[in-house]
Amino acid sequence: MKWIENTSVGNFFDNQADKMPEKTAVINLPNGEGITFGEVKHISDRLARGMIDLGVKKNDKVAVWTNNIPEWIFLLLALSKIGATMVPLNPNIRVRDLHYDLLQADVKFLFLIESCNGADYVNVLHQAVPDLEILSRGCVQSKRLPNLKQVFVIGDRSSSKFASFSDVMSRADKVSDDDFRSVKEQVLSFDTVIIKFTCGLTGYPRGAELTHFGLINNALPIVEKLKFGSSDTLCLPLPFHYIFGFWMGLMVAFSSLSSMVIMPKYSAADVLKAIAQHGCTALYGVPTMFTDLLNHPDFSTFDLRSLRTGMISGDFCPPKLIERIITTMAIPELTTAYGITEIGLLTQTGCEESIPKAIETIGQPLEGMEMKVINPDTGELLPSGEQGEICVRTSMMMKGYYNMDSETAELVDSEGWFHTGDLGTRDEEGYYLISGRRRNMVIRGGENIYPLEIEKFLCTYPGAVDARVVGVPSRRLSEEVYAFVKMNKNSDVDAQSIREYCRTQISRHQTPRWIKIVERFPGEEEGAIDRNELRRSALEELGLQEDSPMTIIYND
């Protein structure tokens with residue numbers, strides 16, 4: 001495959017859009033408004049020019065905090081055209097994590113919506129940055145966030161004193177064609193286009209610096225695997241801030257000139273309606289989403305015959321579920337895939353795969369991916385069929401974790417191999433199978449959660465001495481968070497108080513569903529707390545049994 005070089009994500013999109021400018025690019029639910037490729041190009045150009053006039057420069061960090069709305073797409077393309085770096089924030093992020101992400105990424109500009117899913121984003125921002133001072137419309141200052149200079153609210157009727165999205169658009173005419181062209185020409189293929197935060201093994205999120213080259217070229221083999229073209233319509237219910245959303249979703253649609261149906265909030269009913277009403281030929285989702293669709297009480301009433309292909313990824317995909325999707329939902333060319341934030345999609349099955357390969361493996365490495373299975377303790381290369389740690393090397397890999405050189409060195413060795421922490425095997429035909437996790441990690445509904453990050457936060461609760469977090473099985477979400485908290489002897493607190501503390505400070509998916517206050521942890525007296533024993537205790541108390549063949553090795 002010939003790789004696309006020396007261009008930005010924005011310029012790549014423009015070249016694609018010029019081929020079919022009247023083709024619908026985005027169908028925005030719930031109103032079903034269609035936006036063509038030509039319109040997306042025009043709007044993103046004007047937005048880019050407006051940001052140039054505002055003083056947004058190459059390498060400036062611009063955070064985007066919103067759900068799945070067209071403005072998210074416009075911002076991604078506009079920022080990539082001028083060489084600025086997008087920092088997509090989880091819509092469910094709350095006070096503590098919001099401040100951390102904005103500070104760690106050196107965010108200079110912030111775009112947000114006023115509210116989402118019942119949360120007042122403007123209020124959360126003021127709680128996260130209590131010394132935030134609005135100097136003039138849009139301009140701000142804060143000692144806690146010294147780099148933050150301007151805040152913009154997406155929407156026409158903002159009650160805040162921040163500037164609006166339309167204010168930026170209105171400045172477009174102040175930038176000449178020559179100046180705009182000059183700025184675009186300065187963007188390089190291996191510049192950072194997105195800093196995507198992922199949970200950290202050390203208890204702090206890490207910002208993976210993803211490049212224009214990586215986003216563009218990882219999408220190309222996915223298009224081939226899915227056999228996507230301009231006649232396809234992708235139903236994309238995944239949050240844009242996921243790599244599954246913006247990388248496997250938006251970039252693949254751009255590359256193939258496919259239409260996308262997007263929705264501001266996921267619901268099984270809305271997905272089923274969208275497929276039926278818009279004749280979607282493809283569907284993306286994590287296992288939880290597909291399970292929701294199949295179990296929806298009105299599932300049989302929707303006409304889903306337009307579906308041809310799609311992708312399931314983000315978590316362990318039970319073979320029985322995949323087989324049920326292929327037969328009951330009648331998606332004959334469904335593909336399974338395996339990806340990670342730092343690299344994109346590593347492996348994928350193809351439309352031509354036999355049923356056993358399609359449902360029992362995660363496919364073969366995509367073009368451009370060099371992969372191997374090693375003994376994690378010795379680094380020795382393992383033969384086919386033996387379980388070990390999966391490693392990958394590719395030019396599409398992140399540049400590193402932003403401002404975290406030592407953390408980057410933990411996972412990328414001197415020969416350029418990224419150590420995924422995932423356990424798996426490779427068969428004689430080069431198909432991979434994920435069999436477990438070596439890292440201390442919980443996967444809830446496709447979201448990676450590192451217990452150490454939550455444990456450090458729980459220890460900030462007044463009177464908390466120590467905490468341990470494990471994952472327990474969940475039929476719908478694969479895993480849920482169970483926390484054990486050790487309190488000061490003089491403390492009189494219940495689990496609900498701790499849970500409420502979590503809900504206001506950390507992201508919703510990180511908030512433990514179960515919290516148990518304990519006097520001591522197993523193994524504590526011997527000097528080594530046994531997290532595996534804690535997990536067994538949680539399973540016993542909840543009356544749960546393992547329902548996944550995955551091996552989980554806690555290695556504190």
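The table below gives the values:
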{"read-out": "5 Å binning of all Cα-Cα separations within region 1-152, expressed as whole percents from 0 upward", "value": "2, 9, 17, 19, 18, 15, 10, 6, 3, 1, 0"}
{"read-out": "Neighbourhood charge, 15 Å Cβ-Cβ cut-off, centred on Leu257 and excluding it, Lys, Arg +1 and Asp, Glu -1", "value": "-2"}
{"read-out": "Region 404-433: GluC sites (Glu not before Pro) in DSSP loop, at most 13 other beta carbons within 10 Å", "value": "Glu415, Glu428, Glu429"}
{"read-out": "Kirkwood hydrodynamic radius of region 367-452, from inverse mean 1/r over distinct Cα pairs, in Å", "value": "14.0"}
{"read-out": "Proximal lysines to Lys23, defined as alpha-carbon separation beneath 26 angstrom and excluding residues fewer than eight positions away on the same chain", "value": "Lys2, Lys41, Lys81, Lys184, Lys225, Lys227, Lys265, Lys273"}
{"read-out": "Fully extended contour minus Cα-Cα distance, from Ser491 to Asp120, at 0.36 nm per residue", "value": "130.3 nm"}
{"read-out": "Dimensionless Rg/Rh of the chain - Kirkwood Rh, Rg from C-alpha atoms", "value": "0.95"}
{"read-out": "Förster radius 51 Å - calculated FRET efficiency between Leu135 and Glu541, Cβ distance, rounded to 0.05", "value": "0.45"}
{"read-out": "Inter-label distance, nm, simple model (7 Å from Cα along the C-beta direction), Ser384/Tyr266", "value": "3.5"}
{"read-out": "Cα-based radius of gyration of region 442-552 once divided by 2.2 N^0.38 Å, which approximates compact folds", "value": "1.04"}
{"read-out": "Fraction of beta bridges assigned by DSSP in the chain that are antiparallel (%, nearest 5)", "value": "55"}
{"read-out": "Additional length obtainable on full extension of the chain from Asp466 to Ser182, 0.36 nm per residue less Cα span", "value": "96.8 nm"}
{"read-out": "Set of lysines with alpha-carbon distance to Lys108 below 17 Å, sequence-local pairs under 8 removed", "value": "Lys57, Lys58, Lys61, Lys143, Lys149, Lys196"}
{"read-out": "Arg305/Lys143 FRET efficiency (R0 56 Å; Cβ-Cβ; nearest 0.05)", "value": "0.40"}
{"read-out": "Residue-averaged 222 nm ellipticity for the chain, from DSSP H runs of 4+ at -39500 (n - 2.57), nearest 500", "value": "-8500 deg cm²/dmol"}
{"read-out": "FRET E, pair Arg171, Arg476, Förster distance 45 Å, beta-carbon r, rounded to 0.05", "value": "0.45"}
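None of the figures in this text is laboratory data; all of them are computed from the coordinates on show. Worth saying up front: this structure is predicted, and the values here are computed from it rather than measured. So basically every Cβ, Gly included, is an ideal-geometry build from the backbone, and we count neighbours across all protein chains shown.
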